[in-house]
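Presented below is the structure to which this report refers.
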Number of protein chains: 2
Amino acid sequence: MTARRPTIDDVARLSGVARTTVSRVLNDGPNVRDEVRARVMEAVKALDYKVNPQARSLAGGGSRLLGLVFASDLESEPNSFYHSALELGALRGCLELGYQLVTRHIPLQSADREQQVYDLIATQRCEGLIFTPPYSDDAALIAEVLRRRCRVVSISPGGAGRDLADGVGMDDEAGGYDIARRLIELGHRRFAFMGGIQGHLSADRRLDGLMRALSEAGLGASDLIQVRGDFTFRSGVELTPRLLDDPLHPTALVCANDDMAAGALSVVHGRGVKVPQDLSVTGFDDTPVSAIVWPPLTTVHQPLKDMGRRAVALLASRLTGGRAEAEPEFDCLDHAVVERGTAASAP
Amino acid sequence: MTARRPTIDDVARLSGVARTTVSRVLNDGPNVRDEVRARVMEAVKALDYKVNPQARSLAGGGSRLLGLVFASDLESEPNSFYHSALELGALRGCLELGYQLVTRHIPLQSADREQQVYDLIATQRCEGLIFTPPYSDDAALIAEVLRRRCRVVSISPGGAGRDLADGVGMDDEAGGYDIARRLIELGHRRFAFMGGIQGHLSADRRLDGLMRALSEAGLGASDLIQVRGDFTFRSGVELTPRLLDDPLHPTALVCANDDMAAGALSVVHGRGVKVPQDLSVTGFDDTPVSAIVWPPLTTVHQPLKDMGRRAVALLASRLTGGRAEAEPEFDCLDHAVVERGTAASAP
DNA sequence: GCCTTTGTTGGAAGCGCTTCCAATTTGCGA
DNA sequence: TCGCAAATTGGAAGCGCTTCCAACAAAGGC
C-alpha cells in the first residue's frame, strides 16, 4: 500500500546507471550513448516514472517564473472567456511542469507598455513570456525580450512572431476558409466581415481564408463589406448597423470572434431581422458565449485551453529541455466548425 | 543585482535563532516563546521573506495533491464560466502555495459517484477535496471523506456542509434579498423566481432572501411564482414560457444564475416582450454572460475566482498550518448588485 | 607509440524547506 | 533545595532533483 512514487534513483538502479545519467536523458542532454539512453527510457516506462517538478525546480535554480501577457485592459474586460481559457490552460501546464505564472494585462495604449514588459523580466525575473495578439507579432518587442535572454512563445502569431519565437495556435486561414465555405454551400453570395483590431494578424488571416473561399466560388471583393472591431461585445453592437445598412445587403455576417457576433446578434434582434432565416451570423473561438446567445452561435472551435498549456510546454522545453537553441517551431492545433443555430440557407 | 530571494536561513540569521525555529513559527507550530515568535516575524517582514512552496512541498512529504469536484457533466457543459472561474482561482492558489490540483466532473446521476470521489483519495492520493454544490452539502459524503483522513472545503455550502467542514462562499440570502429589494424599490410587486436543482442549498437561500424582502414589503407567497431549473441556459429557455403564461403576470423575473437568465432573455425577446420596459430580469454570479446578452444583465456579483483561491488556502491551512483540528470555519466573501440594463421600473 | 581532445559516465554538493531527535532551559511539587 | 517533567531550542538528515567537476575511455594527431 506504500504507493510511493518512483524516484530518479529507482530509475537509475533499474537501468544500471548513475542518477546523473538518468537526469541527462530526461533533459535531452548531450553525451549519452544511444544504447544507454534507450535503456534508461525503458526503465522510465517500466516504472511509470514521472519527474517531480517541485524537486526539479528546487534544484534547477532560476526563478521558474513565466509571464502571460494580454493586450486588453482588465478594467474594460475583467471577465473575458478568451483570457480565462488561455490562463487556465497555462496554469495547468505550469502546475504539471513546476513553473509559476504571473498574468499581466498591458493595454496597447499604455505609454510605457514596452517598459512594463521589460519589468516582467528585470523585476519579476520571468524566464519566459507568453505573448497574446497583437503582442505576439510585435517583432521589435519580441527581439528585445529575446535579447534580454528571456524566452518567448507567441499565441496565434500571424507573421513576424513565427520567425522569431515558438508559437501556438490554429490555422486561422483555414478556419476562415472553412466557415466561409460552409456559408457558400448554404447559398450565400453577399458577405460582411467584422474583423479585429489593427495588428491582430491572426484575425486578418481569418479574413484571408474567407477571401480564398469567395474567390473559389467566383466571388470577389465587391461581394464583401468589412469593418474592424476590437473583439468586444460592445464593438459588435456598434458596428453592426453599418453592415446592415450597406447597399450590398449581405446575407451572411462572419465575425472574427464570438463576443462581436453576440453583439451583432443583439442588434439584429432589435431590428426585427430574423436569424438565421434573414441573416446568417457566425462567430469564432467557440467560447461559452456561443451557447448562451440566441440562437446558439455557429462558430469555429479554437482549443484555447490546450493552447495555453502548450505554450507553457514549449517554454519549458526551451528552458530545460533540449530545445534551447532550436529553430522556432509553430504548434498548430486542430480547429473545427461547430454548427449551431445561426447559419442557414441564404434567403 | 543579485536579487536572490531571502531564504529561511537568512531569516534565522537575522533573528538569531535556528532554522528549525523559524520553520516552527512559519507553520504556527507549538513551543515557541511569544518573544521569539515576534522577533522572527519581524525579520520575515524586514526581509520581505516568502516561503518557497516548491521546497516546502519537497521536504514536507505527502502528495500535495488537491481535488476539485464538480457535479456537472462535462459533456453537456464543457465550457461553463462558473467552472472555469472556480478552477482558475483554485489553480492560482495552488501555484502560490505549492499544491497540485486535479479537477473532476462527477455527474450526480453516476451510479458510482461516491466511489469516484473515494478514488480521488485512494488512487490519486488527494490530501484535500474541494466540493462544489450540491456535493458541498452532502453530509454523508463529506463525513466519509473526512473519515478517510482527507480534508474538505465546501464551496457555497448552505447547511450541513458548514458544520462538517470549512467553507467559502458569499451570503446568498443577502444576495437574494439585495436584488429583490432593488426590484421592489423599482415598483415591482409580482415576482417570478427561477431556482436551481434540488439540493443546491445556496440557490435556495437566494430564494429565502427574496422572500424576506417580499414580506418586508408586505408581499407574500401569492405574489410569487417559482420553478426549478438546472442552471443551464437550456433550462432557462424551457421554463420561461411557464412563467410568462402564469396568471400572476410577474413583472420581475429573478434567476438563480446568469445562464438561466440569458435563456429567459432569449425567449422573452422571441415573444416580443420588451426588457426592461415590460419585464425586468435579473441574474446571479456576474459571469461574462451578463455582459454579452442583450440588454446586459443586472445581476449579483459573486467573486468566483477568489472563492477558488480561498478554498485552496483553507485546505492548505488545515494541512500544514496550525488549523489542523480547528472548528470548521466559513469564509464569507463580499457580493454586490451590479446594475446593468435588465432591471427598470415596473410597467 | 605517446599525448592531447573529445565523448561518456559517476560522485557529490546543494537547492530551501520540514522533521526527528537530542540538548538545554524552565517550572514546579515535595 | 533538589529532581523530574514539560517547554523550548538547535543540529542534522534528507525530500528528488540538477549540475559542477573529476574520472575514465575512445579517438585522433604528431
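Any read-out appearing in this document is the output of simple, stated calculations on the displayed coordinates, not a laboratory observation. Source: prediction; values computed, not measured. Glycine gets a Cβ as well: all are built from the backbone with ideal geometry, and neighbour counts include every protein chain shown.
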Mind ordering B:114-124, B:168-178, B:251-261 by average Cβ neighbours within 10 Å, highest first? B:251-261, B:168-178, B:114-124
Mind checking the log10 I(q)/I(0) for segment A:302-347 at q = 0.25, 0.34 Å⁻¹? Debye, one equal scatterer per Cα, no solvent, two decimals. -0.95, -1.21
Relative frequency of Cα-Cα separations exceeding 20 Å in segment A:25-113, percent: 57
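Determine the sum of side-chain charges near B:V145: Lys and Arg each +1, Asp and Glu each -1, restricted to other residues whose C-beta is under 12 angstrom from that of B:V145. Could you put the intermediate results ahead of the total?
Working: positive: B:R147, B:R148, B:R149, B:R151; negative: B:E114, B:D119, B:E127, B:D138, B:E144.
Net charge around B:V145: -1.
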Arrange the peptides B:269-282, A:38-51 so that the one whose residues have, on average, the most other Cβ atoms within 10 Å appears first. B:269-282, A:38-51
Can you compute the helix-only [θ] at 222 nm over the protein assembly as shown? Use -39500 (n - 2.57) per DSSP H run of at least 4 residues, normalise by all residues, nearest 500 deg cm²/dmol. -13500 deg cm²/dmol
Report, as an integer, the average count of C-beta atoms from other chains found within 10 Å of each Cβ along A:280-293. 5
Compute the relative contact order of chain A as a whole-number percentage, counting only Cα pairs closer than 8 Å that sit 6 or more residues apart in sequence. 18
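For segment A:98-164, run through the trypsin sites (Lys or Arg not before Pro) and keep only the ones in DSSP coil with at most 14 other Cβ atoms within 10 Å of their Cβ.
A:R148, A:R149
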How well do other chains shield peptide A:84-93, expressed as the mean number of their Cβ atoms within 10 Å of each residue Cβ? 4
For the protein assembly as shown, what D do you get in µm² per second when you plug the Kirkwood radius from alpha-carbon pairs into Stokes-Einstein at 10 °C and 1.306 mPa s? 58
From the P(r) of segment A:172-302, can you give the percent of Cα pairs sitting at distances over 18 Å? 46
What does the copy distance list look like for B:T123, label position 7 Å along Cα→Cβ, in nm and ordered from shortest? 4.7
Once you average over the residues of B:51-59, how many Cβ atoms of partner chains fall within 10 Å of each Cβ? 4
Principal axis dimensions, segment A:107-214 - Cα atoms, whole angstrom, descending: 56, 26, 18
Could you work out the Kirkwood radius for chain A, taking every pair of different alpha carbons, averaging 1/r and inverting it, reported in Å? 22.0
What would the Debye formula give as log10 I(q)/I(0) at q = 0.16 Å⁻¹ for the alpha-carbon point model of segment B:1-159, no solvent? -0.93
When chain A is treated as a GNM, springs tying every alpha-carbon pair under 10 Å, which of A:E144, A:E325, A:E96 comes out with the largest mean-square fluctuation? A:E325
Segment B:8-51, Kirkwood Rh and Cα Rg, ratio Rg/Rh at 0.90
